[in-house]
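The values are calculated or read from the model by the stated rules, or taken from the named source; none is laboratory data. Since the model is a prediction, treat every value here as computed from it, not as a measurement. Here the Cβ is made from the backbone with ideal geometry for all residues, glycine too, and neighbour counts use every protein chain on show. Side chains included, ligands, DNA and RNA excluded: accessible areas come from the protein's heavy atoms. Shrake-Rupley method; radii C 1.70, N 1.55, O 1.52, S 1.80 Å.
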Amino acid sequence: MTESPTSRPQVGQKVRSFYEEMPFNYYDSTEAAADYIRTNPVEASYPDLHALLSTGEIKTVLEFGCGAGWLSNSLALHYGLMVTAVDFTSKALERARGVSELLGIDDRTRFVESNLFEFQDSPQVDLVISLGVLHHTGDTRGAFEHIQTFAGSGAFVYVGLYHFYGRREFLRIFHELLERESEAAAFDHYRELDGVRQGDATHMLSWFRDQVLHPHETQHTLKEVAGWSAEDGLSIQSTSINGFQPLGELEPLFESEKEYEARSHQANVVEKRYFPGFFVVMAQRV
Ligand SMILES: C[S@@+](CC[C@H](N)C(=O)[O-])C[C@H]1O[C@@H](n2cnc3c(N)ncnc32)[C@H](O)[C@@H]1O
């Protein structure tokens, strides 16, 4: 499907019902979800975000597509931030609120049920964040354009998306399994690859559905996000594409991001290691 504003309603409907059945990153219990947040620092996966938050300059955050709330609740718990979080899946928000209460941080979090394209109810914030969401909207460019309007002067925008080159091998492997064998075979293979979520059956299933059975996803590049950022008055600050190293010129990175396909093959096929082909970018309002 070509992405455009007209794709949004149809894609939104499909994606929302998919997550109402089972939200992403969903644990057996509220307690298990809270435990994960207590013991898993943001730094391990997102060192650039941790470095930014450690400066103490970020006070307010708006998260789009917060799902069951691990990131919003982590930011409120570990960094004391005031977080507004938006998602259109009520089952995910119910869990997010439950975890927030259990962690005793519900005075710092606000979970709002809304389609992100329709959300207006917030002043500008210091950090706008959205991980693994915009590529499920049917209009990734339009979604980026909308969410970045909430980033004030000097504020940051942090997005995570599936990567055009990095994602190919993963999708090829699982689409072949689904076509030639069955969903059960694909799930078995997913369980073999994913060493992280072995302890909680619901959690594992919620990841498998999200990564392998999703009704709509698109894939993107750093080059593309850099173009959107320039058009929207943002400048790229860091990215996982170069392992969060200091940036330098962007052009060489646009070339090197093509190597993501070979890295994905090495991980998923040769080493049998989970590599979904996801990347993050931090940009700042210039
Ligand atoms: C892959 S999950 C990511 C959840 C969360 N960011 C995380 O990292 O755990 C995608 C989330 O985006 C939400 N979402 C997708 N399209 C949306 C839209 N148009 N408006 C609001 N939420 C949306 C879904 O409900 C789902 O919770």
Amide H contacts under 5 Å for F244, placed H, 5+ residues apart: T239
Estimated dipole of segment 11-59 in Debye, rounded to 20 [Cβ of Lys and Arg +1, of Asp and Glu -1, Cα centre]: 200 debye
Candidates per GluC sites (Glu not before Pro) in segment 212-255, loop by DSSP, up to 11 other Cβ within 10 Å: E249
GluC sites (Glu not before Pro) within segment 20-121, DSSP loop, no more than 15 other Cβ atoms inside 10 Å: E57
Rounded accessible area per residue of segment 54-141, 1.4 Å, Å²: 36 Å²
Full-stretch length increase - A201, K272 - with 0.36 nm per residue and alpha-carbon distance subtracted: 23.5 nm
Estimated vicinal HN-Hα couplings, Hz - segment 261-273 in sequence order (Karplus 6.51, -1.76, 1.60; Gly, Pro = x): 5, 5, 5, 5, 4, 4, 6, 5, 9, 6, 8, 6, 10
Where the Cα pairs of segment 49-101 fall when distances are cut into 10 Å bins, in %: 27, 53, 19, 2
J(HN,Hα) series, segment 242-252, from Karplus relation 6.51 cos²θ - 1.76 cosθ + 1.60, nearest Hz, glycine and proline x: 10, x, 6, 7, x, 6, x, 5, 7, 3, x
Accessible area (Å², per residue) of segment 201-284, counting only protein heavy atoms and a probe of 1.4 Å: 43 Å²
Where only alpha carbons of segment 74-224 are counted, the Rg and the Dmax (Å): 17.6, 52
Accessible surface of segment 129-191, 1.4 Å probe, proportion on carbon and sulfur as whole %: 49 percent
Three principal axis lengths of segment 23-130 [C-alpha, angstrom, descending]: 34, 34, 24
Under 5 Å, built H, 5+ apart or other chain: amide partners of F88: S114
Per-selection Rg to Rh, the chain - Cα, Kirkwood hydrodynamic radius: 0.94
Charged-residue dipole, Cβ positions (Lys, Arg, Asp, Glu), the chain about Cα centre, Debye nearest 20: 40 debye
